[in-house]
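Colleague: The structure that follows is given in the form of C-alpha cells.
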Amino acid sequence: MTSAQDIRPRKDELAAQALYSTSPNASFHSPSSHGSALTRTIPLPNAKHLKPFATEDIKVLLLENVNQTGRDILSQQGYQVEFLKSSLPEDQLIEKIRDVHVIGIRSKTKLSARVLKEAKNLIVIGCFCIGTNQVDLQYAADHGIAVFNSPFSNSRSVAELVIAEIIVLARQLGDRSNEMHNGTWNKVSNGCWEIRGKTLGIIGYGHIGAQLSVLAESMGLSVIFYDVVNLMALGSARQVETMEALLGEADFVTCHVPELAETKGMIGPKQFEQMKKGSYLINASRGTVVDIPALIDAMRSGKIAGAALDVYPNEPAGNGDYFNNDLNTWGADLRSLKNLILTPHIGGSTEEAQSAIGVEVAQALTRYVNEGTTLGAVNLPEVALRSLTMDEPDHARVIYIHQNIPGVLRKVNEIIGDHNVDKQMTDSRGDVAYLMADISNVNTTHIRDLYTSLESLPSRIQTRILY
Ligand SMILES: NC(=O)c1ccc[n+]([C@@H]2O[C@H](COP(=O)([O-])OP(=O)(O)OC[C@H]3O[C@@H](n4cnc5c(N)ncnc54)[C@H](O)[C@@H]3O)[C@@H](O)[C@H]2O)c1
C-alpha cells in the first residue's frame, strides 16, 4: 500500500508542475471494433503531466528480461528502474518486492498472495506477456494493486502466421520440404492449388480474425466469417449466420476464438462432416477448440486435405522432446499425418510482438502511476477521466480504491464535497470499487487533509492523490 509519505506533495513539486507540458497519455489499445468508448480517450494537447510524488522516488523492479522498449519508457519517466534478466526464487523476490511501487514480470514469476502480502508499497503489476495466471489477481484487487497485461500486441504476428500456413498447406510445402531434407525429389502438382479465388472462413472475428481478413483479401481470397457478435465486416468480407454455413462454403477454415466452455471442441466430428471435401483447417487459437482425434480421422479419410496446429490441449512448460503420447495420447498418430503443419505455440512469438508488448504494458503502468487510469486493467474496474490541463494549476486528482459496500460514496463525497468537484467517475468490479475525481482550488494542506480523511474511512483499500 502506498504510504502517506509517498503521496504527500511538496510545495516545490507543485510549482514544478507548471514546467511540464507533455502527457504520457497515448492511447495504447489496439484498434478494434470491440473497444469501449473509454479506450478511445484522446489526450488533450495541453494535458498536464500529473505526478503522484517525485518520480525519482518511484521504484520499479523489472524481472525476466522485459523488452528494452518497456525499460526505456519507464526510465524516461524518471522512475528508479532495476532490471534483472531472470526471475527470482521466492525468498529473493519477497526481499525485493517489499520496496517497490511497480513490478514488471513475464510468465515465470509467481506473484502469489504470500509474495504480494510483503509488497507494502506496490500499487501496480505489469505482466509483459499475454497471460496473467501467474498473479493472484483477486488478492491484488483486494489490496488495490492494479494488474495490466498485453493481450493483443501479437495479433498481427498470429495473422501473418496463418497467411503463411494457408499457402504452405495449399502447396503441400511442409511435405515437399521434409522429403527434400530426406534426400527425396518429389515434383508434384496433384492436389496443389493457388489460393487466389478460394474462400477463407474465419471463426471469431476479433483482433486476430479481423486483421487476418484484411491480409487474406489482399492476396485474392474471398473472406467469410462467423462470430457470436454482429460485427462490421472489413473490406469485402461477409459475416455468415451460422458456423455450419461457414464450414459448408470455406476452402480454408481458421479458428480465432477464446477458450470458453462454448468453444471447447467446437470443431469436432460433426463440423468435419460439414466441411467441404479437400478443405483445410487451421487452429492458432486455443488447444481445446479442435477435437484432435476427430481431426486425425477426418485427415485419414481424405475429407480434410491438410491442417495447421499451433496450440494443443496439453502443452509442455519448456522446450525439449516433450511432444509425445505422454503429453497427449494421440501425439504419435498426429505426427504421422501428411500435409500437417505442427508448430509449438509460436503464433505470437516475434520480435515485433515482444517490442509492442514492452510499449503497451509500460505505457499502461506509466499512465496508472501518473494519472490513475485503469483502462486495460485485468482485475480492477476500468476508470478514466480526461486529462487535466495546464490551465488547471490548482487541481488535484483523488483516487479512492475501496470496498464495494453501501454508503461509501456518500461518505467520500462528504469529504471531497468541500471542494469544487469538476469531474468524477466510479465503477466497481466484484467487491472492489474505484473512484476517481478531479477537484479544483486545492493547496497542499487541503491535499493532506483529504488524504488523511479518506484513509480513515473503514471502506478504504488505497488512497492516492495526484496533482
Ligand atoms: N497462437 C498464439 O500464439 C496466439 C497468440 C495470441 C492469441 N491467441 C489466441 O487467439 C484467439 C483469438 O485472439 P483474439 O485476440 O483475436 O481474441 P478477441 O477476443 O479479439 O476475438 C475473439 C472473437 O471470438 C468471438 N467469439 C467468442 N466466442 C465465439 C464463439 N463461440 N463462436 C464464434 N465466435 C466467438 C468473439 O466475439 C470475438 O470477436 C484467443 O484464443 C487467443 O488466446 C493465440
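No lab work stands behind these numbers, since they all come straight from the coordinates. Keep in mind that what you see is a predicted model, and the values were worked out from it rather than measured. All Cβ positions, glycine included, derive from the backbone under ideal geometry; neighbour counts span all protein chains shown.
Colleague: If the cut-off is 20 Å between C-alpha atoms, which lysines fall inside it for residue 423, apart from same-chain ones fewer than 8 positions away?
Modeller: By straight Cα distance, residue 423 reaches 48, 51, 411.
Colleague: Using the Cα atoms as the points, what is the convex hull volume per residue of the stretch 295-440 in Å³?
Modeller: Numbers: hull volume 29.0 nm³, N = 146.
Dividing the Cα hull volume of the stretch 295-440 by its residues yields 199 Å³.
Colleague: A further question on this structure: May I ask you to compute the full-extension gain from residue 245 to residue 349, defined as 0.36 nm times their residue separation minus their alpha-carbon distance, rounded to one decimal in nm? It would help to have the intermediate numbers written out before the result.
Modeller: Working: separation 104, 0.36 × 104 = 37.44 nm, distance 3.24 nm.
Extra length available between residue 245 and residue 349 comes to 34.2 nm.
Colleague: Here is a further query. Per residue and in cubic angstrom, what volume does the convex hull of the Cα atoms of the stretch 386-467 have? Spell out each step's value before the answer.
Modeller: On the way: hull volume 6.5 nm³, N = 82.
Spelled out: Cα convex hull of the stretch 386-467, divided by residues, is 80 Å³.
Colleague: If you look for lysine pairs in the stretch 155-342 that are eight or more places apart or on different chains, how many of them have Cα atoms under 15 Å apart? Each step should come with its number before you reach the end.
Modeller: Working: 198/276; 198/277; 270/303; 276/303; 277/303; 303/338.
Lysine pairs, 8 or more places apart or on different chains, close enough: 6.
Colleague: Lysines within cross-link reach of residue 117: Cα-Cα under 23 Å, excluding same-chain residues under 8 positions apart?
Modeller: Reachable lysines: 59, 96, 108.
Colleague: For 214, 432, 359, what's the fewest-to-most ordering of other Cβ within 10 Å of each Cβ? Could you put the intermediate results ahead of the total?
Modeller: Values: 214 13, 432 22, 359 18.
Exposure proxy ranking, most exposed first: 214, 359, 432.
Colleague: Sorted from largest down, what three extents in whole angstroms do the Cα atoms of the stretch 173-272 have along their principal axes?
Modeller: Principal-axis extents of the stretch 173-272 (Cα, largest first): 50, 31, 23 Å.
Colleague: Cut-off 18 Å, label point 7 angstrom out along Cα-to-Cβ of residue 270: give me the residues of the stretch 243-262 whose amide nitrogen falls inside.
Modeller: Counting backbone N atoms under 18 Å from the label point, the list is 243-249, 260-262.
Colleague: Using just the alpha carbons, could you tell me how many Å³ per residue the convex hull of the chain encloses? Let's see the in-between values first.
Modeller: On the way: hull volume 75.9 nm³, N = 467.
Considering the Cα atoms of the chain, their hull volume per residue is 162 Å³.
Colleague: If you average the sequence gap of Cα pairs under 8 Å that are 6 or more apart and divide by the length of the chain, what percent do you get for the contact order?
Modeller: Numbers: 953 pairs, mean separation 83.5, N = 467.
Across the chain, relative contact order equals 18 percent.
Colleague: Give me 127, 192 ranked fewest to most by other Cβ atoms within 10 Å of their Cβ, as a rough exposure proxy. Each step should come with its number before you reach the end.
Modeller: Values: 127 25, 192 12.
By the 10 Å Cβ count, ascending: 192, 127.
Colleague: For Cα pairs less than 8 Å apart in space and 6+ apart in sequence, what is the mean separation divided by the residue count of the stretch 155-342, i.e. the relative contact order in percent? It would help to have the intermediate numbers written out before the result.
Modeller: On the way: 342 pairs, mean separation 35.4, N = 188.
Normalised by residue count, the contact order of the stretch 155-342 is 19 percent.
Colleague: At a 10 Å Cβ-Cβ cut-off, how would you order 185, 193, 330, fewest neighbours first? Write out the running numbers ahead of the final one.
Modeller: Values: 185 7, 193 17, 330 14.
By the 10 Å Cβ count, ascending, the order reads 185, 330, 193.
Colleague: Also, quick follow-up: Under the √(5λ) rule applied to the eigenvalues of the Cα gyration tensor, what semi-axes describe the equivalent ellipsoid of the stretch 155-342? Give them in Å, descending. Could you put the intermediate results ahead of the total?
Modeller: Numbers: eigenvalues 125, 84, 48 Å².
After scaling each eigenvalue by five and taking roots: 25, 21, 16 Å.
Colleague: Give, in nm to one decimal, the length gained when the segment between residue 231 and residue 76 is fully stretched (0.36 nm per residue of separation minus the Cα-Cα distance).
Modeller: Working: separation 155, 0.36 × 155 = 55.80 nm, distance 3.93 nm.
This chain segment gains 51.9 nm when fully extended.
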